[in-house]
Amino acid sequence: MKHGKYPLLAAFLLPALGLYGYFVISPYAQAFVISATDWHGLSNEFNWVGLDNFKRLLSDEYMRNALWHNALLLILLPVITIVLALFFSSMLNVHRAKGAGLYKIIYFAPQVLSVAVIGVLWKEIYNPRSGLLNGTLRALGLDGLAKTWLGDPAVAFWAILAVMVWANVGFYVVLFGAAMQSIPKELYEAAELDGSSRWATLWRITLPLLWDTVQVAWVYLAILALDGFALVQIMTRGGPNFSTDVVGQRMYDVAFSENKFGMASAIGVVLFFLTLTITVAALRITRRERIEFS
Amino acid sequence: MKRNPFPQAMLVIWGVMTALPLLWVVVTSFKDDAEILNDPWGLPGELRWSNFARAWSHGNIGKYFLNSVTVLSVSITLTMLLGATAAYALARYDFPGKRFVYFLFVGGMMFPAFLALVPLFFVVKNAGLLNTLPGLMLVYTAYSLPFTVFFLVAFFRTLPTQVAEAAMIDGCGPFAMFFKVMLPMAKPGLISVAIFNLLGQWNQYLLPVVLVSDSEDKYVLAQGLAALAVNEGYRGDYSRLFAGLTLAMLPVLIVYAVFQRQVQSGLTAGQLK
């Protein structure tokens, strides 16, 4: 057995490592190198520009605009999603609303749809003429509220945020629900005997016991908020007038429309450090147990 | 005890807000263009199954669907095979550099795919795999490995050692041990992570948009549907778009409705990440 372990290790590790190194590690490493060049991708000719790409990004108003939208998403998406999901899952799991099973199935459904389906679906719902949203408003006699949802720079960003919340709440209802199942029922029975209101029960009992899961949810949603590319690309392409532009869309345009691959890689590096900061901050705050690996 | 009706009402409203758009798409896919444009709330005058036929063939949804299925059937198999073998080696054997290899894999979860995007485009291009389905299969597999390895290492480590020891005493070799003893024991973990990867790869949009952008007959479903939405905007063939959307949506929803317990636990298992 002792002597037999290296054939197995080679056969089991090398294929995975090879594929992973070629398509994942090497591109990640190259990205940092390319971000210090003005490479346009057409030839092997390029100049080293050091940190120039990053300096230019800092003062680029399109980049700032896109970063601002990601920052808004970073605050609003987790807060709105977590509050709604906590409310729904405590109704379903703690207060045992009727039909809890059915609600969970329906709420979770958007999670299995591809982001492309969700994007196209909502693009049609927001369609000013034939869309469900304006159709509903008109049917209710609220014609004044009907809008060109994705065509109006003042509204389009909020319309996209709403889709992100819609698509994600169900997942966290189920995630929080699973965590709530492990809270001892006696705690809730005692709270009810003491006349605790639903709000107090959620705030004083459920939330503190669920805190770990809530923090995990926050990290997830923060990472989603730093992306947003697929929905934006499908629904608005960053428009109208850059009102829904996000960093991912900016990078895609800079790379594949303008062929500025050095600059695009610099945007990628910025996104990497933003993601890293959030993950590290979250790990610090949560002080989760380290992955034991002896 | 008096009950506040507000929470129950909220539950119903959110349920309607989730289910109504999906139902609306299915109902609308039977309408003709005039009905779609003029009355979003109206019911279709008749069940126009021909919309689906047009979406499937002329809208290329059929071709996109087949491409997606082809890519996933290879990439999921490869992901599970490479992920399970690597995870097993890392979980059950000691060798120099083991920690390094583990963190190399798991570290991949910290990196956003956007960082790799530009070099990846050229790596795939130089390998002659740009605008090909095998290119997508390999890239999907490679980017699914970090989570798969992370999850399965943890899972293999929880399996009891007594069974393996008993099998070893019975003369079971290391390879047979893995395929005949450990894999069957790891089945629940393998299923969870397979469902997680299946949905993740099925939903992938960024990678195909960058790696299969120039040849429309290689589009996968997510990408093809988005392209169809852009085209129909110009052409005004809305009934075909809604039929295509329904075709892309319903199979997944039906699978979900049947296996909802497994799907929910498979996806929420990702919270370990």
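Odds and ends about this structure:
- Count of region B:202-245 residues which are facing another protein chain (nearest Cβ under 10 Å), assigned to a helix (DSSP H, G or I) and touching a residue at least 12 places away in the same chain (Cβ under 8 Å): 18
- Checked against (1) more than 30 Å from A:Asn241 (Cα to Cα); (2) of a type in the set (Val, Ile, Thr); (3) more than 10 Å from chain B (Cβ to nearest Cβ), A:Val174 passes all but condition (3).
- Among the residues of region A:76-124, those identified as within 23 Å of A:Leu187 (Cβ to Cβ), β-branched (Val, Ile, Thr) and touching a Phe, Trp or Tyr at 6+ places or on another chain (Cβ under 9 Å) are A:Ile82, A:Val94.
- One residue from B:Asp32, B:Asp39 being in contact with a Lys or Arg (Cβ under 7 Å, 6 or more places away or on another chain) and either free of Cβ contacts under 8 Å to residues at least 40 places away in the same chain or surrounded by fewer than 18 Cβ atoms within 10 Å (Cβ to Cβ) (or both): B:Asp32
- Every listed requirement among (1) surrounded by 15 or more Cβ atoms within 10 Å (Cβ to Cβ); (2) assigned to a helix (DSSP H, G or I); (3) at the interface with chain A (Cβ under 9 Å from one of its Cβ atoms) is met by B:Ala257 save one, (1).
- Matching residues in region A:146-196 - criterion: being part of a loop (DSSP other than H, G, I, E, B) and hydrophobic (A, V, I, L, M, F, W, C): A:Ala146, A:Trp149, A:Leu150, A:Ala154, A:Val155, A:Ile183
- Within region A:197-250, restricting attention to residues that are of a type in the set (S, T, N, Q) and more than 16 Å from the chain's Cα centre (by Cα), the residue that is nearest to the other protein chains (Cβ to nearest Cβ) is A:Thr213.
- Restricted to region B:1-109, the set of helices (runs of 4 or more DSSP H) holding at least 2 residues that are at the interface with chain A (Cβ under 7 Å from one of its Cβ atoms) and at pLDDT 90 or above comprises B:5-28, B:61-92, B:98-107.
- Failed criterion for B:Thr18 (all others in (1) over 22 Å from the mean Cα position of the chain (by Cα); (2) farther than 30 Å from B:Val212 by Cβ hold): (1)
- Qualifying position, being within 23 Å of A:Phe229 (Cα to Cα) and β-branched (Val, Ile, Thr), among B:Thr141, B:Thr85: B:Thr141
- Flag for B:Leu199 being assigned by TED's automatic domain parsing to the domain that holds B:Leu133 and closer than 30 Å to A:Lys5 by Cβ: no
- Pairs where the first residue, in region A:2-27, is closer than 15 Å to B:Tyr143 by Cβ and the second is modelled with pLDDT under 90, C-beta under 6 Å, 6+ apart: A:Val24/B:Gly108
The values are calculated or read from the model by the stated rules, or taken from the named source; none is laboratory data. Please read all numbers here as calculations on a predicted model, not as lab measurements. Neighbour counts are summed over all protein chains in view; Cβ atoms, including those assigned to glycine, are modelled from backbone coordinates with ideal geometry.
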